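A short worksheet on the structure shown next.
The values are calculated or read from the model by the stated rules, or taken from the named source; none is laboratory data. Not measured: the values here are computed from a predicted model. In this analysis, Cβ positions are derived from the backbone assuming ideal geometry, glycine residues included, and neighbour counts consider all displayed protein chains. Remember, those area values only see protein heavy atoms, side chains included, never the ligands or the DNA or RNA. Shrake-Rupley method; radii C 1.70, N 1.55, O 1.52, S 1.80 Å.
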Amino acid sequence: MNLDHWIAGKAYAPASAQYLDNVDPKTGQRIGGIAQGTAADVDAALAAAEAAPKLAVADRVQLLHALADEVEGRIEEFAEAEARDSGKTLQACLQVDVPRSLDNLRFFAAAVQREETACHQMEDGLNYTLRQALGTVVTITPWNFPLHLFTWKLAPAIAMGNAVVAKPSEVTPSTATMMAAAFTKVGAPAGLLNVVHGLGADVGESLCTDPRVKAISFTGSTATGKHIAGQASPLLKKVSLELGGKNPSLLFADADLDVAVPGVARAAFLNTGQICLCGSRLLVERSCYDEVVDRLVQEAEAGDWTPGETMGSLVSADHRDKVTSYMALAKEEGGTILCGGGPVGPPAGAYFAPTVITDLPISCRTATEEIFGPVVTVHPFDHEDEALAMANHVPYGLGASVWTQNLTRAHRLAAALESGMVWINTWNKRDYRVPFGGMKQSGLGREGGRYALEFYSQDRNICIQL
Ligand code: NAD
């Protein structure tokens with residue numbers, strides 16, 4: 001079956017009449033075709049977005065709730081499509097990916113109703129702030145959480161009164177179109193949400209350079225993010241960039257190892273290691289290093305991370321080959337692979353075994369580049385200062401976790417770690433209100449809560465002479 005764009009409230013065949021292959025990474029089988037978008041399709045989507053009616057906030061709120069209810073009623077259908085595109089387990093899609101997407105819709109529908117703006121009084125004047133929509137905004141999303149990241153951007157953009165043109169990853173396109181069709185079904189006016197499929201180099205470029213686009217919200221790799229920033233900045237578009245990571249987990253000898261070791265294993269292997277926040281560098285205090293490494297290998301082999309059962313595949317055969325190439329590199333760089341270390345299961349599938357690597361220098365490529373698979377490198381340290389220096393050593397700065405019972409140390413490290421998010425004795429615990437985003441090469445701007453509502457709007461000051 002071919003998947004078309006969704007433009008102006010209906011399925012829209014690509015002007016190119018060309019379709020890319022959509023492949024199930026668990027089997028290597030072709031699922032169907034994906035519309036290969038070009039500048040002509042982007043033009044149609046932007047025209048539809050510009051023509052979409054402006055809705056009152058109550059109508060936007062009602063539509064977001066109606067969309068959530070509609071998708072919830074068809075949760076199996078959405079979860080199956082997400083699992084087929086991405087290689088995730090159906091269970092993960094049913095329990096995490098789709099429910100989180102519904103939460104995004106409902107959270108921002110509620111949040112926009114609590115929006116407030118300021119009033120600044122003067123002796124003889126009064127200022128008030130008008131917060132208004134930007135107009136047409138673009139969202140560009142990756143393949144690791146297709147529906148969750150799509151809705152994480154869509155919901156605040158719609159809540160604030162914008163029209164959206166979304167460009168999902170060409171690797172995981174299905175649920176974005178399903179969501180757009182569902183939005184139309186529950187009453188969203190034509191053009192409020194448009195989805196254009198295709199390659200980043202074609203569709204993405206046309207979107208990012210079009211003057212009708214007022215803002216671009218991008219989640220993906222640092223290289224693509226920098227490219228988009230370079231295109232958008234001369235046109236003075238608003239840009240939000242959520243990029244890559246090589247996140248440290250810092251584990252001290254005073255941590256409760258019964259909690260900490262499963263915690264750092266989860267940080268390393270969840271979603272087959274394909275989370276921007278994954279703790280792919282584990283720094284361990286030397287006095288407990290041997291015990292932690294032993295326990296970590298046991299965790300990796302114990303059953304929570306079994307490819308094809310409790311852990312999904314990687315997103316594609318190409319990505320599996322990329323992750324595999326790092327195993328040879330790790331050996332060249334002096335690493336010892338204690339478990340995993342390569343693909344598993346049928347050759348056509350993109351399954352990869354959870355992998356623990358030791359003995360690598362902290363500054364080698366394996367320990368500093370984003371591998372984006374179920375691979376963790378483990379490094380000993382002697383002092384807190386050394387751990388901090390190792391943690392901050394990489395150009396990325398997205399997430400970090402600190403495992404210790406010494407809260408004074410935890411606060412000290414939290415302030416000093418160059419990382420947009422720090423978790424203490426936990427990892428990836430999320431509250432939708434908190435600022436989400438990276439430092440250094442991990443991004444620009446913040447998503448979540450009021451940060452997202454502010455991104456998708458502009459504040460204007462009105463001053464009255466009294
Ligand atoms: P990617 O950068 O290759 O692609 C992301 C999206 O950008 C896709 O839709 C792609 O088609 C599009 N794109 C590619 N080239 C483009 C261009 N020139 N112009 C416009 N759009 C273009 O990333 P990916 O491989 O899909 O995703 C994995 C990456 O995403 C990892 O680096 C991961 O860390 C990052 N990520 C970051 C976060 C975060 O919140 N910081 C969350 C999830 C994933």
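Listing for the model above:
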quantity	calculated
Residue in segment 207-226 that is within 10 Å of the ligand (Cβ to nearest atom), part of a loop (DSSP other than H, G, I, E, B) and in contact (Cβ under 8 Å) with a residue 40 or more places away in the chain present	yes
Among the residues listed as ARG409, ARG450, the single one being more than 16 Å from the ligand (Cβ to nearest atom) and not assigned by TED's automatic domain parsing to the domain that holds HIS393	ARG450
Out of VAL434, VAL394, sole residue that is β-branched (Val, Ile, Thr), under 24 Å from the mean Cα position of the chain (by Cα) and farther than 30 Å from PRO307 by Cβ	VAL434
Residue count, segment 330-375 (criterion: buried (at least 22 other Cβ atoms within 10 Å of the Cβ) and either assigned to a helix (DSSP H, G or I) or assigned by TED's automatic domain parsing to the domain that holds PHE145 (or both))	3
Selection from segment 178-206 of residues that are assigned to a helix (DSSP H, G or I), farther than 15 Å from ASP43 by Cα and at pLDDT 95 or above	MET178, MET179, ALA180, ALA181, ALA182, PHE183, THR184, LYS185, GLY200
Unmet requirement for ILE275, which otherwise passes all of (1) under 21 Å from THR219 (Cβ atoms); (2) in a loop (DSSP other than H, G, I, E, B); (3) open to solvent by 60 Å² or more (accessible area, probe 1.4 Å)	(3)
Conditions (1) surrounded by fewer than 21 Cβ atoms within 10 Å (Cβ to Cβ); (2) within 16 Å of the ligand (Cβ to nearest atom); (3) under 18 Å from ALA452 (Cα atoms); (4) among the hydrophobic types (A, V, I, L, M, F, W, C); number of the one not met by LEU147	(1)
Residues satisfying the stated conditions in segment 172-184, i.e. open to solvent by less than 10 Å² (accessible area, probe 1.4 Å) and either of a type outside the set (Val, Ile, Thr) or near the ligand (Cβ under 10 Å from one of its atoms) (or both)	THR172, PRO173, ALA176, MET179, ALA180, ALA182, PHE183
Count of segment 76-117 residues which are surrounded by fewer than 18 Cβ atoms within 10 Å (Cβ to Cβ) and outside any helix (DSSP H, G or I)	3
Complete set of residues in segment 52-75 that are surrounded by 15 or more Cβ atoms within 10 Å (Cβ to Cβ) and closer than 12 Å to GLN113 by Cβ	ARG60, VAL61, GLN62, LEU64, HIS65
Per-region count, segment 397-417, residues crowded, with 19+ Cβ neighbours inside 10 Å and under 26 Å from the mean Cα position of the chain (by Cα)	9
From the options TRP427, TRP403, residue that is in the same structural domain as SER280 (by TED's automatic domain parsing) and under 26 Å from LEU105 (Cβ atoms)	TRP427
Condition met for THR172 (in a helix (DSSP H, G or I) and of a type in the set (Val, Ile, Thr))	no
Residue tally, condition within 9 Å of the ligand (Cβ to nearest atom) and open to solvent by 50 Å² or more (accessible area, probe 1.4 Å), over segment 190-206	4
Of all residues in segment 239-254 being over 12 Å from the mean Cα position of the chain (by Cα) and assigned to a strand (DSSP E or B), the one that is farthest from the ligand (Cβ to nearest atom)	LEU251
Conditions (1) of a type outside the set (Val, Ile, Thr); (2) at positive phi; (3) more than 10 Å from the ligand (Cβ to nearest atom); (4) surrounded by 18 or more Cβ atoms within 10 Å (Cβ to Cβ): number failed by GLY187	(4)
Residue under evaluation THR89, criteria (1) at pLDDT 95 or above; (2) in contact with a strand residue (DSSP E or B) (Cβ under 6 Å, 6 or more places away or on another chain), criterion not met	(2)
Some residue of segment 229-238 being under 19 Å from the mean Cα position of the chain (by Cα), at negative phi and near the ligand (Cβ under 9 Å from one of its atoms)	no
Pairs, first open to solvent by less than 60 Å² (accessible area, probe 1.4 Å) in segment 25-42, second among the hydroxyl-bearing types (Ser, Thr, Tyr) and assigned to a loop (DSSP other than H, G, I, E, B), C-beta under 6 Å, six or more apart	PRO25/SER313; PRO25/SER316; LYS26/SER313; GLN36/SER16; THR38/SER16
Output for segment 292-320, where each listed residue is within 23 Å of SER169 (Cα to Cα) and assigned to a helix (DSSP H, G or I)	ALA317, ASP318, HIS319, ARG320
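Here's the yes/no breakdown for (1) outside the structural domain of VAL98 (by TED's automatic domain parsing); (2) assigned to a strand (DSSP E or B); (3) over 30 Å from VAL315 (Cα atoms):
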residue	(1), (2), (3)
HIS120	no, yes, yes
GLN132	no, yes, yes
ILE158	no, no, no
GLY161	no, no, yes
